[in-house]
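Every read-out reported here was derived from the displayed coordinates using simple, explicitly stated rules and does not represent laboratory data. Source: prediction; values computed, not measured. Using ideal geometry, Cβ is built from the backbone for each residue, glycine included, and neighbour counts are taken over all protein chains shown.
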Amino acid sequence: MSTDLAVEFGVAKTTILAILREANVVRRRQSLTREQVAEATLLYESGKSLSQVAAKMALKQDTIRLALKAAGVKLRPRTGG
């Protein structure tokens, strides 16, 4: 939602978030749907990395990691640096 607002008003997402903070607007994370978790699981278990899954689904890597972990998916050790 904040990204959509940023695009609509032609400002940075950080600007939108700052305005929301100043106005004491409570933000909450949206949970992934069952279908999204299933898709992420399928992609991850097919060998894609967390970042590849996140990019494919247009989500943050941490969102994918937390959803997979909550779904009981065994996460591979991190690679790279």
Test of understanding: what is the full-extension gain from ALA55 to LEU20, defined as 0.36 nm times their sequence separation minus their Cα-Cα distance?
10.0 nm
Using per-residue counts of other Cβ atoms within 10 Å, averaged over each peptide, order 17-26, 60-69, 30-39 from highest down.
60-69, 30-39, 17-26
Local charge sum around TYR44 (other residues, Cβ-Cβ under 12 Å, Lys/Arg +1, Asp/Glu -1)?
+4
Going by a ≥ b ≥ c, the root eigenvalues of the Cα gyration tensor, does the stretch 1-40 fall in the rounded group (a/c under 1.5), the prolate group (a/b larger than b/c) or the oblate group?
oblate
Under the 7 Å Cα-to-Cβ spin-label approximation, THR3 and ARG76 lie apart by a distance in nanometres of 2.4
VAL73: net charge of surrounding residues, Cβ under 11 Å, Lys/Arg +1, Asp/Glu -1, itself excluded?
+3
Place a point 7 Å from the Cα of VAL11 along the Cα-to-Cβ direction; which residues of the stretch 22-36 have their backbone N under 19 Å from it?
22-28
Gyration tensor (alpha-carbon) shape descriptor, the chain, a/c threshold 1.5:
prolate
